[in-house]
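Rule-based calculations on the coordinates, nothing more; no lab input. Predicted model, so just to flag it, every value in this text is computed and none were measured. Glycine gets a Cβ as well: all are built from the backbone with ideal geometry, and neighbour counts include every protein chain shown.
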Amino acid sequence: MSKTILITGAGSGFGEGIAFKLAELTDLSVIATTENYAQIFRLEQKAQKLNLSNITFEKLDVTNSGDREKVPEWDVDILLNNAGISEGGSVLDIPASAIERQFQTNVVGPIALTQIAARRMLKRKSGRIIFMSSV
């Protein structure tokens, strides 16, 4: 039986690269998630060109509680928390709202998502959770 990996932030960058390489090189069932629906079509076209049938794409904004509620339906064996954003500039110039959004995306959202996935993993007595960031 193939295991399922859920990768957040797979709409571009490291997340996208990891999702496609895992789908290409392993028998894992890859659920690659993006913050918005607009990214999904391009990713589906890329997977189709590469003839990858073990990768699917879902909208999952880690800061959105409604999106996070979909996770138990996917029965995840491995969670790769990769979603993240970065605000550059002087601390004097960055609006507090931008700092709050970054904290919600990089810390609070991934932890809330992890709590959901970890509960199912504990019941099953197996699973892996990985946190990574390019920031």
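Structural remarks
- Projected label distance in nm at Ser86 and Ile129, using a 7 Å step from Cα toward the beta-carbon: 2.5 nm
- Listed peptides 35-48, 74-87 by packing density, highest first (mean Cβ within 10 Å): 74-87, 35-48
- Taken over the chain, the alpha-carbon convex hull comes to 109 cubic angstrom per residue.
- Candidate aspartates and glutamates for bridging to Lys49, where Cα separation is under 13 Å - those fewer than 8 sequence places away on the same chain excluded: Glu24
- Candidate lysines - alpha carbon under 21 Å from Lys46, same-chain residues fewer than 8 apart omitted: Lys21, Lys59
- The packing ranking of peptides 53-64, 95-106, highest mean first, is 53-64, 95-106, where packing means the average number of other beta carbon atoms within 10 angstrom of each residue.
- Alpha-carbon centroids, the range 1-59 and the range 82-115: separation in whole Å: 24 Å
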